[in-house]
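Q: Got a structure here, written out as structure tokens. Questions coming.
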Amino acid sequence: MHKITNISTHLYDLHTFSQKSLELADVLNQIVLAAKFVSREVNKAGLTDILGAAGHTNVQDEQVQKLDVYTNEIFIELMRQSPHVKAVGSEEEDKIIIFKGKNKNNAKYIVHLDPLDGSSNIDVNVSVGTNFAIFEKKSKGKGITKEDYLQKGKDVIAAGYVVYGSSTMLVYSSGKGVHGFTLDPSIGEFILSHENIMIPKESTIYSINESYEPKWKDDFTAHIKKMKTNDDISGKAKTARYIGSLVADFHRNLLKGGIYLYPADKKSPNGKLRLLYEGIPFAFLAKHAGGYASNGQMDVLEIEPTELHQRIPLFVGNTKDVKAIEKLLKI
Ligand code: P6P
């Protein structure tokens, strides 16, 4: 009988069954349970009254889709039920949510979430995802301070994403490799399917929204042009793939090799993607898969967050490609 590994047993093996691995397994299992609910809704979205806009905008002033609301609520509720999660930062919530109650007396983890990344794609049946980053409380005492929920990515305990695509996969790292688990809907369990993912040496894909080219600086435009020809740094022309869901573009580039680029421009002077629950999860995974992520000036994992929904330019994927962008943009 071949070994069947779920997320809990995988974590215990990695962290030799430490107290921390038990606590982390509990938090990840709550994320897994929420992901199963969301996967069910995403996979039948066309059949129930869950499609379409919820009729209001979120803190990012983006049109909220009904599935955004459902996903945000289910993740927050399941984080609330864990005795280990003290606070949640969500793309859909203006402020940090701090849990109170007797089951939270020993809670020491903060979870930052993008509950449904790429949600504008829901109605057209394109892959969407959930991104998460888990930090450990740093401040003394029972409360939560900015020191706890505005931590650098290099201090993250674990991070990952769920991609709701042709299959539902959860990919995470706790600092010991990057590992992928595929949901088997017939038994309702995520089973280890991609152990120790490493980004391929050869980078063959570039992912960027080229409709913004008129807003780019000439040297950036020239650099992207080089990616289309064989005078790119890899010496080989890259192919373009852009889904409009960071989680799906990142997942494909992680497995096949490539770079995702979302530069700052006149429309988004600080970039569009959020540091805490988009930049950091993907930067942490890229690092532990042999890649790198930058905001064009520095390692994303070294950026000191100043606010919950802080935006950054994001370049993530093969180290050579990202370092070349950094060289181009570094002030
Ligand atoms: P644009 C989705 O809204 C998202 O945050 C990422 O998932 C995606 O890569 C990007 O924005 C798409 O942005 O400006 O190309 O539509």
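Q: Charges on Cβ only, +1 for Lys and Arg, -1 for Asp and Glu, centred on the Cα centroid of the chain; of Tyr242, Ser120, Gly279, which one is farthest towards the dipole's positive end?
A: Going by the Cα projections, it comes out as Gly279.
Q: In nm, to one decimal, how far is the modelled label at Glu302 from the one at Thr221, with both set 7 Å along Cα→Cβ?
A: 3.2
Q: List the trypsin sites (Lys or Arg not before Pro) within the stretch 283-331 that fall in a DSSP loop (any state other than H, G, I, E or B) and whose Cβ has at most 16 other Cβ atoms within 10 Å.
A: Lys330
Q: Go ahead and run the numbers for FRET between Lys20 and Val59, Cβ-Cβ distance against an R0 of 35 Å, rounding to 0.05.
A: 0.65
Q: Also, I was wondering about something else. Starting from the Cα gyration tensor of the stretch 1-112, take the square roots of the eigenvalues, sort them a ≥ b ≥ c, and report rounded, prolate or oblate (rounded when a/c is under 1.5, otherwise prolate if a/b is larger than b/c, else oblate).
A: Oblate shape, in that a/c is at least 1.5 and b/c is the bigger or equal ratio.
Q: Let me ask something else about it. In the calculated pair distance distribution of the stretch 209-328, what percentage of Cα-Cα distances lie above 24 Å? It would help to have the intermediate numbers written out before the result.
A: On the way: 1409 of 7140 pairs.
Summing the P(r) of the stretch 209-328 above 24 Å gives 20 percent of all pairs.
Q: Cα-Cα over 28 Å: which of Lys266/Lys323; Lys154/Lys228; Lys44/Lys154; Lys20/Lys152; Lys104/Lys287?
A: From the list (Lys266/Lys323; Lys154/Lys228; Lys44/Lys154; Lys20/Lys152; Lys104/Lys287), the Cα-Cα distance tops 28 Å for Lys154/Lys228; Lys44/Lys154; Lys104/Lys287.
Q: In addition: Is the C-alpha gyration tensor of the chain telling us rounded, prolate or oblate? Criteria: a/c under 1.5 is rounded; beyond that, a/b larger than b/c is prolate, otherwise oblate. If you can, show how the numbers build up before the last one.
A: Numbers: a/c = 1.42, a/b = 1.39, b/c = 1.02.
Rounded, because the longest to shortest axis ratio a/c is under 1.5.
Q: Which of the trypsin sites (Lys or Arg not before Pro) found in the stretch 132-225 are loop residues per DSSP with 15 or fewer other Cβ atoms within 10 Å of their Cβ? Could you put the intermediate results ahead of the total?
A: Details: sites: Lys137, Lys138, Lys140, Lys142, Lys146, Lys152, Lys154, Lys176, Lys201, Lys215, Lys217, Lys225; in loops: Lys137, Lys138, Lys140, Lys142, Lys152, Lys176, Lys201, Lys217.
Filter output for the stretch 132-225: Lys138, Lys140, Lys142, Lys176, Lys201, Lys217.
Q: Counting other Cβ atoms within 10 Å of each Cβ, which GluC sites (Glu not before Pro) in the stretch 151-255 have at most 10 and sit in a DSSP loop? All intermediate terms of the calculation are to be shown ahead of the outcome.
A: Values: sites: Glu189, Glu195, Glu202, Glu210; in loops: Glu195, Glu202.
Here no GluC sites (Glu not before Pro) fit, given the DSSP loop and packing criteria.
Q: In whole angstrom, how long is each semi-axis of the equivalent ellipsoid of the stretch 7-194, when you take the square root of 5 times every eigenvalue of its Cα gyration tensor and sort them from largest down?
A: Semi-axes, largest first: 26, 21, 13 Å.
Q: Could you tell me the distance between the Cα centroids of the stretch 161-208 and the stretch 212-259, to the nearest Å?
A: Comparing the Cα centres of the stretch 161-208 and the stretch 212-259, I get a distance of 21 Å.
No value in this document is a laboratory result; all are computed from the given coordinates. Because the structure is a prediction, the values reported are computed rather than measured. When we count neighbours, we look across all protein chains shown, and the Cβ atoms used for this are built from the backbone with ideal geometry, even at glycine.
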